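Inspection log for the structure reproduced underneath, given as structure tokens.
Every read-out reported here was derived from the displayed coordinates using simple, explicitly stated rules and does not represent laboratory data. Keep in mind that this is a model prediction, so the values were computed, not measured. Ideal geometry is used to build each Cβ from the backbone, glycine not excepted, and the neighbour counts take in all protein chains shown.
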Amino acid sequence: MRTKRKQIKWFDNGEGKSMMNKLFRSTTDSKLTGLCGGLAQWLGVNPTLLRLVAVAAALCSFGTVALIYVIGSIIVPKMPYSHF
């Protein structure tokens, strides 16, 4: 028997309709660009834990993860203010 996958309701668009889980850079939980904060909200994990993993991975990868972070910060849009 197949079970339906439960969709996570992340935020309300103000009209009573919950929007789909979309990746944004966080404007409320940001340290540098908000990418780790937004990614943590999207994944449903603690943002501090995700930041620690990102820093450790950046140090161990000789800067490759740092380059991916910069590219992700450019590509991923900021969360619109209407989505709070």
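If R0 is 22 Å, the Cβ-Cβ spacing of Ala57 and Lys22 corresponds to a FRET efficiency of close to 0.35. Summarising the amide proton neighbourhood of Lys78: residues at separation of 5 or more, or on other chains, whose placed amide H is nearer than 5 Å comprise Arg25.
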